[in-house]
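Worksheet: one structure, shown below.
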Amino acid sequence: MGEYGIGQSVSRFEDPRLLRGAGRYVNDVSLSRQTYAYFLRSPHAHATITAIDIAAAKAAPGVLAVLTEADVAADKLGTTKVALPRKRADGSPLFSRPHPGLARGRVRFVGDPVALVVAETLAEAKDAVDLIEVEYEALPSVTDTAATVLPGAARVWDENPDNVSHIFETGNKAAADAAFASAAHIVKSHYVISRVFAQYMEPRGAIGSYDSSDERYTLHADVQYAHRVRDMLAQNIFKIPETQVRVIVGDVGGGFGTKGWQYVEHRLVLWASKKIGRPVKWCCERSEAMMSDEHGRDVIADAELALDADGKFLGLRVHTISNVGAYLSSDRNMLATFGSLGALVGVYDIPAAYAHLTVAFSNSPATAPYRGAGRPEAIYIIERLIEDAARQLGMDRIELRKKNLIPPAKLPYKTPLGGLNYDCGDFPAIMERGLAFGDVAGFAARKAESEKRGLLRGLGIANAIERAAGPGAEYAELRFSTGGQATLLMGTIHQGQGHETTFKQIAIEKLGMAPSDIRFVNGDTDMVAFGTGTNGSRSTVIGGTAVTMAAEKIIVKATKIAAHLLEAAEADITFADGKFSIPGTDRSLSLKEVARAAFAPNKLPKGMEPGLYETGTFSPSQDTYPNGCHVCEVEVDSETGQVTIERYSVVDDVGTVINPKLLKGQIHGGVAQGLGQVLMERVSYDPDSGQLLSASFMDYAMPHAAHFCDIAIESRPVPTKLNPLGAKGAGEAGTVGALPAAMLAILDALAPLGVAEFDMPATPDRVWHAIQAARPAA
Ligand code: MCN
């Protein structure tokens with residue numbers, strides 16, 4: 001595999017540049033004659049706009065434009081659309097309303113954009129925003145998920161009285177009902193998976209530039225999907241050919257699923273640029289991001305598990321309500337809602353299952369995929385339900401899990417919830433190794449030791465599985481230059497995952513080149529022919545396979561050239577470690593030499609087209625299924641409610657590991673995001689006024705390094721046959737297991753005090769109150 005090939009813990013090629021501060025993020029981009037945009041956003045959760053007076057703002061120093069929904073409508077800017085054919089309970093089509101760009105007559109959440117000011121400087125734009133007079137008539141609002149569907153709840157849309165956009169069902173209800181009818185035990189619970197926000201290091205930004213000479217829009221933005229943003233702008237918003245839009249994505253300081261393709265700011269800066277004839281730059285501020293970006297999760301679930309007398313699972317029924325915020329702009333806002341359903345059975349053999357999803361509106365920003373996009377929610381629900389079952393029925397939680405794991409012999413396994421086909425894996429072996437790696441056997445002694453110090457200790461074990469790298473094409477191109485170096489162009493977009501390193505490793509494995517001979521490019525729709533982008537832990541599997549395909553095509557052509565130059569038959573040429581050779585002789589040519597020759601027509605076989613550039617476009621037949629066993633131990637101080645993560649370990653199966661060091665970083669980061677949600681993070685709204693209570697880091701608690709312990713990670717790969725690399729997706733795996741593992745550890749610690757039900761976040765005051773509430777019962 002060589003020093004830089006697949007399986008090596010290569011240090012990231014991109015890091016020297018990033019660590020020296022030489023990264024190029026949106027805010028680093030400045031265009032000639034650039035102007036600055038600032039948004040006026042709604043201070044109300046729900047209100048009618050009765051009047052807007054922009055006269056004073058327009059006359060303010062430095063102001064170039066003050067734009068409202070009237071301008072959007074006059075210029076007939078389009079909107080995104082929902083395409084999925086979902087239905088409401090009565091069979092009528094789904095109810096959706098895309099965001100119009102700037103609020104139309106009503107504001108529907110705190111932060112809803114109302115007007116856009118463009119000025120010579122940011123300070124002038126901000127000052128002018130303060131001069132816009134808006135008269136609002138406040139309306140009742142609803143933000144709490146459970147409250148959205150209660151009779152009498154405030155209506156987010158007048159024409160949609162029950163706030164339900166649509167419902168979605170999967171599985172076999174009759175079979176599940178029959179399983180419950182025959183069950184010896186039924187365990188029921190209600191779980192709340194709170195609303196959180198990705199909190200990337202780099203808040204979003206967008207610079208729009210319109211070139212009237214070739215009637216082209218160029219957008220610089222930190223998005224996960226350059227080509228999809230381009231296509232959306234061209235097809236939905238401006239209704240022009242995609243060739244008239246260019247999207248450039250530089251370095252991205254975190255995306256986590258939330259830097260999507262439909263944000264209104266992208267279209268508005270381009271539109272404003274055309275109007276004023278100069279580039280328009282908008283960079284979001286932290287508090288603005290918290291109120292206007294898409295949020296994640298926000299699901300409540302009523303779940304029930306049917307078991308026979310021996311503890312074998314017979315059936316699962318789950319009803320969830322997903323809060324999608326005020327606007328449903330596209331299928332993207334729905335991905336996490338139904339994405340949670342398929343994996344509800346986890347790694348367990350449950351013969352009959354049925355899930356019912358209600359998608360509800362509220363006066364809040366849209367929700368959308370956030371690391372895991374529904375899968376952490378699903379595994380949280382099934383693992384908590386199993387734990388509740390073990391506790392209520394007096395069964396051993398480890399034995400109960402083991403008894404119900406899907407055995408390898410049953411793979412491939414189609415889950416009863418439809419659409420999922422676990423192709424490979426060894427769930428019992430992963431769990432067994434997970435228990436040993438987490439030293440579960442030593443837990444009792446550690447618990448006794450904690451107790452000596454007056455602390456409660458809890459153990460959480462969660463088996464995670466997720467669908468990753470689902471169908472959808474991805475693109476790679478290897479473009480050699482006349483000097484024999486190559487440029488690797490990718491349709492995916494890195495946001496911190498280390499794609500340059502990962503994809504170079506795959507190319508190096510195939511082509512045996514030196515890393516310095518490969519230049520990496522992503523994120524420019526004019527340079528890269530096609531791309532779907534980065535989400536759903538798809539880049540390594542799908543993009544990496546596309547690199548493999550392109551490299552194999554390079555070898556095919558280069559072998560022909562090498563044979564011609566070495567005056568040998570093609571069949572006599574072998575290619576290894578970057579060299580074409582004739583075995584048994586000392587005659588060989590490096591790929592670099594062959595690449596140079598490829599551009600010299602006189603050195604090529606007769607009739608061959610000069611040049612050496614090949615593409616690969618891969619579309620997998622189905623998802624991969626990374627899985628793992630997470631073991632977490634916490635200490636809880638019952639006097640203060642303080643929770644400390646004491647031990648955390650993961651044994652994962654992500655198939656072939658391309659880069660063990662980067663993979664560990666991914667699992668580590670994913671676990672940290674899961675722990676953050678369980679311990680402290682939460683977007684919260686005042687239930688009466690709908691005001692955002694967590695609009696800054698003073699109120700939205702982010703975990704620090706000190707909140708974690710070391711996270712031990714071990715890989716036990718079962719390579720998949722679904723792609724030539726044998727790889728499964730990995731970027732979200734850590735989060736999927738962390739949510740349940742951490743919460744189960746906390747509940748285990750609190751169980752002796754009689755706390756049976758508890759929802760995230762486990763902040764000290766909430767834990768303390770749960771302990772106080774349980775005390776009389778205990
Ligand atoms: N990897 C590996 N072997 C595998 C699979 C992955 O070595 N079999 C390593 C590779 O180094 C690869 C990385 O893990 O570059 C992530 O690979 P992959 O699972 O393909 O995920 P993507 O590259 O498609 O990234 C998306 C995924 C998602 S969906 C979220 S959300 C997320 C995540 O990645 N957002 C991130 N990780 C993030 N990490 C950072 N720093 N920033 C984000 O915004």
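Points to keep in mind about this one:
- Scanning region 45-76 for residues that are in contact (Cβ under 8 Å) with a residue 40 or more places away in the chain and part of a loop (DSSP other than H, G, I, E, B) yields A45, H46, I54, A60, P61, G62, T68, D75.
- A Cβ distance below 7 Å, combined with a sequence gap of six or more or placement on separate chains, defines the contacts here; from region 701-727, residues that are in contact (Cβ under 8 Å) with a residue 12 or more places away in the chain and more than 30 Å from G470 (Cα to Cα) reach residues that are part of a loop (DSSP other than H, G, I, E, B) and within 11 Å of the ligand (Cβ to nearest atom) in the pairs M702/Q199.
- All positions within region 422-447 that are without any contact (Cβ under 8 Å) to a residue 60 or more places away in the chain, open to solvent by less than 50 Å² (accessible area, probe 1.4 Å) and among the small types (G, A, S): G442
- L747 aliphatic (A, V, I, L, M) and in contact with a helix residue (DSSP H, G or I) (Cβ under 6 Å, 6 or more places away or on another chain): no
- Filter result for A226 (within 30 Å of G670 (Cα to Cα), buried (at least 24 other Cβ atoms within 10 Å of the Cβ) and within 22 Å of the chain's Cα centre (by Cα)): yes
- Condition met for V767 (among the aliphatic types (A, V, I, L, M), outside any helix (DSSP H, G or I) and away from the ligand (no atom under 16 Å from the Cβ)): no
- Scanning region 544-566 for residues that are within 16 Å of the ligand (Cβ to nearest atom), closer than 20 Å to S619 by Cα and not β-branched (V, I, T) turns up at least one hit.
- Hey, Y4 surrounded by 13 or more Cβ atoms within 10 Å (Cβ to Cβ) and part of a strand (DSSP E or B) or not: no
- Residue match in region 663-684 (condition: over 21 Å from R384 (Cβ atoms) and more than 14 Å from the ligand (Cβ to nearest atom)): yes
- Taken together, the residues in region 448-474 that are within 16 Å of the ligand (Cβ to nearest atom) and crowded, with 24+ Cβ neighbours inside 10 Å amount to 7.
- Any hit, region 603-614, residues being acidic (D, E), modelled with pLDDT of 95 or more, over 30 Å from S287 (Cα atoms) and within 16 Å of the ligand (Cβ to nearest atom): no
- Single residue of region 242-260 satisfying the filter (away from the ligand (no atom under 14 Å from the Cβ) and under 18 Å from T532 (Cα atoms)) that is surrounded by the fewest Cβ atoms within 10 Å (Cβ to Cβ): T243
- Cβ pairs under 6 Å, 6+ apart, first in region 745-757 and within 18 Å of E383 (Cβ to Cβ), second aliphatic (A, V, I, L, M) and in a helix (DSSP H, G or I): V755/A770; V755/A774
- Checked against (1) surrounded by 24 or more Cβ atoms within 10 Å (Cβ to Cβ); (2) among the basic types (K, R); (3) more than 30 Å from I300 (Cβ to Cβ), R204 passes all but condition (3).
- Counting only strands (runs of 3 or more DSSP E) that sit completely within region 503-605, those holding 3 or more residues that are under 39 Å from the mean Cα position of the chain (by Cα) correspond to 518-522.
- Looking only at region 577-601, residues that are more than 17 Å from G484 (Cα to Cα) and open to solvent by 50 Å² or more (accessible area, probe 1.4 Å) come to 5 in all.
- Residues in region 715-758 that are small (G, A, S), open to solvent by less than 10 Å² (accessible area, probe 1.4 Å) and within 13 Å of the ligand (Cβ to nearest atom): G726, A727, G729, G734.
- Meets criteria (under 26 Å from P365 (Cα atoms), open to solvent by less than 10 Å² (accessible area, probe 1.4 Å) and within 16 Å of the ligand (Cβ to nearest atom)) for A289: yes
- In the set (1) closer than 30 Å to Q235 by Cβ; (2) loosely packed, with under 13 Cβ neighbours inside 10 Å; (3) modelled with pLDDT of 95 or more, the condition left unmet by A83 is number (3).
- Flag if T502 is within 16 Å of the ligand (Cβ to nearest atom), under 22 Å from T656 (Cα atoms), β-branched (V, I, T) and in contact with a strand residue (DSSP E or B) (Cβ under 7 Å, 6 or more places away or on another chain): no
- Failed item in (1) small (G, A, S); (2) in contact (Cβ under 8 Å) with a residue 60 or more places away in the chain; (3) open to solvent by less than 10 Å² (accessible area, probe 1.4 Å), with G483 passing the rest: (3)
- The C-beta contact set for region 612-624 (first residue among the aromatic types (F, W, Y), second residue open to solvent by less than 40 Å² (accessible area, probe 1.4 Å) and part of a loop (DSSP other than H, G, I, E, B), distance under 8 angstrom, 6+ apart or interchain) comprises F618/A473; F618/N723.
- Among the conditions (1) surrounded by fewer than 24 Cβ atoms within 10 Å (Cβ to Cβ); (2) touching a strand residue (DSSP E or B) at 6+ places or on another chain (Cβ under 9 Å); (3) charged (D, E, K, R), K402 misses just one, which is (2).
- Every condition in (1) out of contact with any strand residue (DSSP E or B) (no Cβ under 7 Å at 6 or more places or on another chain); (2) open to solvent by less than 10 Å² (accessible area, probe 1.4 Å); (3) away from the ligand (no atom under 16 Å from the Cβ) is met by R391 except one, and the failing one is (2).
- So A360, is it open to solvent by less than 10 Å² (accessible area, probe 1.4 Å) and over 26 Å from the mean Cα position of the chain (by Cα): no
- Qualifying residue in region 346-357 (condition: open to solvent by 10 Å² or more (accessible area, probe 1.4 Å) and outside any strand (DSSP E or B)): yes
- Contacts under 8 angstrom Cβ, first residue in region 669-694 being more than 16 Å from N323 (Cα to Cα) and open to solvent by 10 Å² or more (accessible area, probe 1.4 Å), partner modelled with pLDDT of 95 or more and of a type in the set (K, R), 6 or more apart: Q673/R371
- Residues of region 498-550 that are aromatic (F, W, Y) and crowded, with 24+ Cβ neighbours inside 10 Å: F503 alone.
- Residue in region 634-647 that is among the hydrophobic types (A, V, I, L, M, F, W, C), within 16 Å of the ligand (Cβ to nearest atom) and over 30 Å from T559 (Cβ atoms) present: no
- Scanning region 633-668 for residues that are under 19 Å from the mean Cα position of the chain (by Cα) and open to solvent by 40 Å² or more (accessible area, probe 1.4 Å) gives K664, G665, H668.
The values are calculated or read from the model by the stated rules, or taken from the named source; none is laboratory data. Computed from a predicted structure; not experimentally measured. Neighbour counts run over all protein chains shown; Cβ positions are idealised from the backbone, glycine included. Calculation scope for accessible area: heavy atoms of the full protein, side chains included, ligands and nucleic acids excluded. Shrake-Rupley method; radii C 1.70, N 1.55, O 1.52, S 1.80 Å.
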